[in-house]
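Input: a single structure, listed below in structure tokens.
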Amino acid sequence: MIDWVAFLTVFVASLVAACLAVTLFSLGLRIADGEAAWRRPVSILMFALCAVAVLIGLYLIVGDHLLELVGL
Amino acid sequence: MDPLILVALVIALALFFDFTNGFHDTANAMATPIATGALKPKTAVALAAILNLVGAFLSTEVAKTISGGLIREGDGGIQIGPELILAGLIGAIVWNLVTWLLGLPSSSSHALFGGLIGAAVVGAGFAVIDGGVLASKILIPAVLAPLTAVTVAFLATRIAYSITRKRERNGFKKGQIFTSSLVSLAHGTNDAQKTMGVITLALIAAGFQSPGTGPEFWVIAACAFAIALGTYSGGWRIIRTMGRGITEIEPAQGFAAEASTTATILASTQLGFALSTTQVASGSVIGTGLGRKGASVRWRTAGRIGIGWLITIPASGAIGAVAALLVRLGPGGLIAAVVLAVLAILGIFLWSLTSRVDHRNLNQPEPGVFVRPKKKRKARR
């Protein structure tokens with residue numbers, strides 16, 4: 001019937017991925033709000049890490065299809 | 001009836017279903033960015049249409065069994081002929097349009113499965129349905145999908161609001177563009193594929209294509225453009241329900257909801273536990289409404305959506321079954337089924353004109369929803 005292990009994996013993976021992306025983006029916004037010199041590079045780092053998460057998502061959606069199209 | 005005419009009818013209906021699938025599901029990705037003002041309505045649907053088009057071309061894999069194993073085929077069941085596919089498509093299209101008219105975000109895939117199940121039951125009786133697969137692939141995931149999304153979006157929203165201050169939260173609008181784009185792309189790679197599968201199956205069944213071969217390029221192109229055109233048309237009624245009907249959404253909530261939808265959909269497709277995009281996206285909106293202090297979820301609207309999910313398969317199945325009964329009468333019955341379907345589509349379209357919803361009046365409150373002004377506190381004496 002139901003593959004509960006697969007469901008639990010999906011649940012945990014979704015929870016971790018979504019919370020991580022939201023945490024990084026929120027930290028990026030929060031840290032950018034201030035005058036100190038260190039804030040800007042750290043904020044950019046947070047957004048960059050979030051962009052990596054988006055790129056991983058993009059790879060999961062189209063990666064296999066692209067590799068198939070180019071014959072790899 | 002000439003097999004060529006029959007296949008042409010199936011292709012036309014399949015492409016129209018693909019179109020309805022597109023405009024029905026625009027809301028999954030674009031309702032929240034439109035609601036928060038991250039994207040203008042027309043820009044949002046244009047972006048979703050382009051990403052659906054790209055996604056449909058990228059996806060070359062065709063579902064070998066369009067019914068996903070729900071309908072027993074071969075020795076223990078029936079072979080799905082073009083006539084039954086046609087009847088199933090009629091059920092799916094009519095139900096998709098009814099739910100669109102009511103502004104309900106229901107699953108287009110479930111409508112397609114329901115239509116095909118209804119047609120198959122008329123073709124060979126209830127024994128043809130695999131109850132175990134129905135429960136494990138559709139019924140139980142239909143409960144788990146929104147519950148997962150509600151939990152994930154609730155926590156994500158709490159995190160977003162606990163880290164950021166009010167003046168920083170408009171920044172989430174930029175993030176929403178990326179997360180909603182991912183949902184659109186994922187939709188294009190999954191949903192156009194189903195119609196490609198239906199058309200390819202009809203071509204193989206009628207002997208116009210060799211068994212075991214993939215979709216022809218013109219089938220991929222036609223399906224890609226049909227879903228993109230449907231997406232661009234924008235199912236504004238459903239966008240209004242998802243973006244404003246369930247809860248009032250702020251940019252931080254929109255980002256949290258879209259991130260939750262994207263993460264859940266990607267995890268479910270990658271880890272082998274398929275969940276409906278529509279149900280996940282609706283669950284995320286409810287979760288984000290619960291996650292923000294001071295926000296309220298309109299449970300009446302959420303309940304209507306839940307009822308829509310419950311009756312999607314029986315309702316599209318019933319319409320598919322009636323169409324199949326007509327189709328079985330012969331060429332005259334088949335023509336009658338198609339004519340009745342066209343009349344139903346026209347009727348729904350004309351009915352929709354009586355309360356037109358589009359990108360211009362998207363932000364007006366739904367009829368029956370009253371805006372309660374805040375009570376003024378009495379001045380202390």
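Summary of computed values
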{"read-out": "Residues within the stretch B:204-221 that are hydrophobic (A, V, I, L, M, F, W, C), surrounded by fewer than 20 Cβ atoms within 10 Å (Cβ to Cβ) and out of contact with any Ser or Thr (no Cβ under 8 Å at 6 or more places or on another chain), tallied", "value": "5"}
{"read-out": "Hey, residue B:286 surrounded by 18 or more Cβ atoms within 10 Å (Cβ to Cβ), more than 12 Å from every other protein chain (Cβ to nearest Cβ), among the hydrophobic types (A, V, I, L, M, F, W, C) and within 18 Å of residue B:32 (Cβ to Cβ) or not", "value": "yes"}
{"read-out": "Count of residues meeting criterion [without any contact (Cβ under 8 Å) to a residue 24 or more places away in the chain and touching a Pro at 6+ places or on another chain (Cβ under 9 Å)] in the stretch B:177-208", "value": "1"}
{"read-out": "In the stretch B:14-34, the residues that are touching a Leu at 6+ places or on another chain (Cβ under 9 Å), among the hydrophobic types (A, V, I, L, M, F, W, C) and surrounded by 24 or more Cβ atoms within 10 Å (Cβ to Cβ)", "value": "B:14, B:17, B:23, B:29, B:30, B:34"}
{"read-out": "Among the residues listed as B:124, B:119, B:145, B:156, the single one being over 18 Å from residue B:265 (Cβ atoms), touching a residue at least 40 places away in the same chain (Cβ under 8 Å) and buried (at least 21 other Cβ atoms within 10 Å of the Cβ)", "value": "B:119"}
{"read-out": "Failed criterion for residue A:37 (all others in (1) more than 16 Å from residue B:263 (Cβ to Cβ); (2) facing chain B (nearest Cβ under 7 Å); (3) at pLDDT below 90 hold)", "value": "(2)"}
{"read-out": "Residue that is surrounded by fewer than 23 Cβ atoms within 10 Å (Cβ to Cβ), of a type in the set (A, V, I, L, M) and modelled with pLDDT of 80 or more, where the choices are B:54, B:45", "value": "B:54"}
{"read-out": "Out of B:246, B:265, sole residue that is of a type in the set (A, V, I, L, M, F, W, C) and either touching a strand residue (DSSP E or B) at 6+ places or on another chain (Cβ under 7 Å) or away from every other protein chain (no Cβ under 14 Å) (or both)", "value": "B:246"}
{"read-out": "Verdict on residue A:56 being modelled with pLDDT under 90 and aliphatic (A, V, I, L, M)", "value": "yes"}
{"read-out": "Test: residue in the stretch A:9-19 that is more than 20 Å from residue B:157 (Cα to Cα) and at the interface with chain B (Cβ under 10 Å from one of its Cβ atoms)", "value": "yes"}
{"read-out": "Index of the failed condition, residue B:244 passing every other in (1) surrounded by 24 or more Cβ atoms within 10 Å (Cβ to Cβ); (2) within 30 Å of residue A:30 (Cα to Cα); (3) not small (Gly, Ala, Ser)", "value": "(1)"}
{"read-out": "Some residue of the stretch A:23-31 being within 9 Å of chain B (Cβ to nearest Cβ) and either aliphatic (A, V, I, L, M) or in a loop (DSSP other than H, G, I, E, B) (or both)", "value": "yes"}
{"read-out": "Some residue of the stretch A:47-55 being at the interface with chain B (Cβ under 9 Å from one of its Cβ atoms), among the hydrophobic types (A, V, I, L, M, F, W, C) and part of a loop (DSSP other than H, G, I, E, B)", "value": "no"}
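The values are calculated or read from the model by the stated rules, or taken from the named source; none is laboratory data. Computed from a predicted model, the values in this text were never measured in an experiment. Methodologically, a virtual Cβ is constructed for each residue, glycine included, from the backbone with ideal geometry; neighbour enumeration extends over all protein chains shown.
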